[in-house]
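Where a number appears in this text, it was derived from the coordinates with a stated rule and is not lab data. Since this is a predicted model, take the numbers as computed values, not measurements. With ideal geometry, Cβ positions are generated from the backbone for all residues, glycine too; neighbour counts draw on all protein chains shown.
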């Protein structure tokens, strides 16, 4: 029977509203990740437009990540006193302005400077989006809530990254940056319209509770830095890795799309299994990354490697963010912010290390360095709750 003329059951209404809220948070991560990773798929165009070598374009990720890592915790101390919906709306609006300014950059320094405001509030968006999702979900569904929001970031890999790479090639990187800015403004409006007021968390834990959380939070941060550094040593130079062998520029966007589609599968699998089997999921992510990077190091099997890489890489932040949220009973916002700082530090170190390896060793050495770091992260113990 249809629902015409009848009132929807409260449970169905609540479910629809919750999905809409998760969708708005996921959209914010979608546009943010698309903007952050924009240089990866447009390295050639940016290098020509900014009159600098392609290796330096990879450093746009490093500068962005350094700014995000440096200011996230201080900004969290300020913004945690305000309604989190307002904070998210303001931060995504900053991204919109940043992308429009980036479109008018004429050299590397100005491009990095225009990305800096978005980088400064990046950590607030990524830490608070998952915390808000967790606060809107039952306690036994934290991993699924995180996975639902992270679908947005995965869709950025599926659609955002390849689309912006194609647009940059067809209509130029400046016009593409403007498009991202408009999309960010739309997302800010959606957050304002859909999210309820989310007042700051005012829990007052016992003095020993907060102190007991320091070790587990630091451990998750260390694992995050190592894994993300290993991933970004190679991922920051996705385009030149893919262009080896028989592949031409036309395959970059399809490869990014394949990476992202596989990532959507990875997020779904991680979200379904992570609450019950966190250690197994983490082992699967590490194994997938290592196998994928081994394949990417061999030109004839690069396409297969890209698919496995995308699946494991997209599951990685779901695993790490959920571990961060579970590492603290009393300071989940701080734990999430530390995770974001560690993630950005990994991006900065990874992309800078990749640039150095590319300049002083060889392109083929990138996957080898990545594998070493990811395996090292697996040696650290993993807290499951």
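In this label model, residue 86 and residue 219 are separated by 3.8 nm, measuring between points 7 Å along each Cα→Cβ vector. In this label model, residue 380 and residue 106 are separated by 4.4 nm, measuring between points 7 Å along each Cα→Cβ vector. Label-to-label distance for residue 55 and residue 193 is 4.8 nm, based on points extended 7 Å past Cα in the beta-carbon direction.
For the residues 360, 30, 283, a GNM of the chain with alpha-carbon springs under 10 Å puts the largest fluctuation on 360.
Largest GNM mean-square fluctuation across 281, 100, 78, computed for the chain with C-alpha springs under 10 Å, falls on 78.
When 122, 277 are ordered from fewest to most other Cβ atoms inside 10 Å of their Cβ, what list results?
Details: 122 29, 277 13.
Least to most surrounded, the residues fall as 277, 122.
In the chain, helices alone account for a calculated mean residue ellipticity at 222 nm of -27000 deg cm²/dmol, with every DSSP H run of four or more residues adding -39,500 (n - 2.57). Would you please classify the overall shape of the range 64-153 from the alpha carbon gyration tensor, given that a ≥ b ≥ c denote the square roots of the eigenvalues, rounded means a/c under 1.5, and beyond that prolate means a/b larger than b/c while oblate covers the rest? Prolate, since a/c reaches 1.5 and a/b exceeds b/c. The range 29-44 and the range 266-342 have Cα centres separated by 20 Å. Taking 0.36 nm per residue of sequence separation and removing the Cα-Cα distance, the residue 298/residue 78 pair yields an extension gain of 74.4 nm.
Using 0.36 nm per residue of separation minus the Cα-Cα distance, give me the extension gain between residue 361 and residue 186 in nm, one decimal.
Result for the pair: 58.7 nm of gain on full extension.
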